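Please read the structure below before turning to the comments.
Where a number appears in this text, it was derived from the coordinates with a stated rule and is not lab data. Computed from a prediction, not measured in an experiment: that's the story for all the values here. Cβ atoms come from the backbone with ideal geometry, glycine included; neighbour counts cover every protein chain shown.
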Amino acid sequence: MAVMIPPSPWLVRHLPQFPESGQILDLACGGGRHARWLAARGRNVLAVDRDRSALAGLHGLPGIVVLAADLEGDAWPLAGRQFAGVVVSNYLWRPRLADVCALLAPGGVLIYETFMVGNEAYGKPSNPDFLLRPGELRTLAEAAGLRELAFQEGYADLPKPAMRQAICAVRE
C-alpha cells in the first residue's frame, strides 16, 4: 500500500480562504496529494499534470476530474477556463505564471508555494530556472491585480529543509 504524503501545511492553513463552491484546480498535481485532500473535504477538483502514470491513481475518485496536459507547451491547455481556486505546489514554469493567475474567477483564490533561491544548499531543485527570486510571487500577484492575503519566504524545515516561498492571494 502506498504511503500518502500529507498536504502542504500552507494549503491546510489557507483552505478556508477558498470560496465555498466552485472548482479548484490542482496544477501540476503529480500523484494528486492535494487533489485527494481537497476532494475528501467535499471540494470539486480538476487535477492536471502531464504525467499520465502519476494521474492514474486519481481516475474515478469522487470529486476529482483528471486532465493529462502539457503545461509547458506552446498551447495553453487551460485557456479560457476559470476556477474558484488554484493550488500550485513544488512547480515553477515562469512562462505561464501570468496564465495561472488569469485562471482565477472573481473571488477566486491562489495558493502557490514552491522553492526559492538558496534551495541549492539543501538539494534539488537547484537550477535557478526552477527557483523563485525573493518576493517573486508577491510581485506576480500584484501585477495580476490580486490582493495578497498571506505571504512567506525563507527557510522551512518541514517537510524537509528547504528555501521556500508561498502566497495566498484573491482576485476581487
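Worth pointing out:
- Highest-fluctuation residue, Leu146, Leu137, Leu158 considered, GNM on the chain with Cα pairs under 10 Å: Leu158
- For a label point 7 Å along the Cα-to-beta-carbon line of Asp99, residues of segment 61-90 with backbone N under 15 Å: 68-82
- Secondary-structure-derived ellipticity at 222 nm for the chain, considering helices only, amounts to -4500 deg cm²/dmol, per-run term -39500 (n - 2.57) for DSSP H runs with n ≥ 4.
- Residue among Val12, Val86, Val45 with the largest mean-square fluctuation in a Gaussian network model of the chain, springs linking Cα atoms under 10 Å: Val12
- Contact order relative to length of the chain, as percent, for alpha carbon pairs under 8 angstrom and 6 or more apart: 18
- Charge dipole (debye, nearest 20) of segment 1-64; +1 at Cβ of Lys and Arg, -1 at Cβ of Asp and Glu: 100
- Euclidean distance between Cα centres, segment 72-151 to segment 39-64, Å: 20
- The charge dipole of the chain, taken about the Cα centre with unit charges on the Cβ atoms of Lys, Arg (+1) and Asp, Glu (-1), comes to about 380 debye, rounded to the nearest 20.
- Å³ per residue enclosed by the Cα convex hull of the chain: 116
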